[in-house]
Amino acid sequence: MRHNGRAPILASRMSPKHLNLREGEPRLVVCPDCESWCGLERSMIKPHRDGTEAPTRARRYVGDKPSRGRRCPGSAQRIVFDVTSEQWGERLLEAETTASARRSTMVLPKVKAAPAPAVSQLVPAPLSAETIRRALRGHIQQCRACKGKATSRVGEPLPCRDGERLAVTFLRLLRQEPKRRAVRDLFARERRRFDRQYAAAAPARRAFEWGAVLPAVQAVDSERAQLPTGDTPTEAPSVPLDTLRPSR
């Protein structure tokens with residue numbers, strides 16, 4: 001078997017996972033062209049086919065040869081084994097350790113998004129002339145049509161519907177702003193008047209509520225004022241009546 005005319009490949013330049021130099025097992029390498037495991041004969045890759053009739057199978061194993069297909073260009077590729085099996089084992093172990101160190105083993109909890117409110121719970125933001133003015137200014141800074149730089153094929157300036165709609169809304173809210181301010185002031189005055197009335201009626205309402213529960217409180221006080229009949233125990237300590245029934 002003659003070699004394929006390519007320069008020999010050094011085993012030290014190949015990835016350790018593309019070699020098999022274990023003692024007691026046949027030496028195997030991965031073909032650099034079709035990436036299939038192949039055996040060696042006189043330090044050359046044995047002739048094999050690339051399996052062009054099965055493109056979905058990207059990798060094959062020893063003995064899994066296709067029945068059709070052209071001869072792989074990687075056949076008879078010379079391999080120079082300039083590393084020992086011990087050195088290859090150390091490189092393979094180091095590569096596996098590095099890969100495992102890069103792989104994260106920590107399970108990060110998925111951030112739970114807050115549930116979206118129902119449609120009935122959505123509160124629309126009130127529109128104001130100042131809010132629309134800021135939106136219109138930001139739109140003009142980004143829109144080429146509003147700046148007069150957007151033209152048609154014949155060179156005519158293109159109108160901006162969004163800018164026109166924002167401008168009309170701003171003018172409408174600006175005209176309605178005095179009426180809106182008057183309505184807000186009216187509601188604020190009514191709220192303050194209601195708070196004053198509530199504060200003025202609070203003492204009378206509190207006195208009425210105490211008068212409603214006064215008979216029940218007096219009945220409980222009379223029952224507590226009654227002393228039990230019979231002689232006082234001689235061996236028991238005296239009962240502090242002034243503490244149990246405080247003077248008014």
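Listing for the model above:
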| item | result |
| --- | --- |
| Identity of the residue in segment 194-216, open to solvent by less than 100 Å² (accessible area, probe 1.4 Å) and of a type in the set (D, E, K, R), that ends up modelled with the highest pLDDT | ASP195 |
| Among the residues listed as LEU127, LEU108, LEU158, LEU166, the single one being open to solvent by less than 100 Å² (accessible area, probe 1.4 Å), farther than 30 Å from SER12 by Cα and modelled with pLDDT under 80 | LEU127 |
| Number of positions in segment 11-69 that are in contact with a Pro (Cβ under 7 Å, 6 or more places away or on another chain) and modelled with pLDDT of 85 or more | 2 |
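The values are calculated or read from the model by the stated rules, or taken from the named source; none is laboratory data. These numbers were taken from a predicted model, which means no experiment stands behind them. For neighbour counting, all protein chains shown are included, and Cβ atoms are generated from backbone atoms with ideal geometry for every residue, glycine included. Note: areas computed on protein heavy atoms with side chains; ligands, DNA, RNA excluded. Shrake-Rupley method; radii C 1.70, N 1.55, O 1.52, S 1.80 Å.
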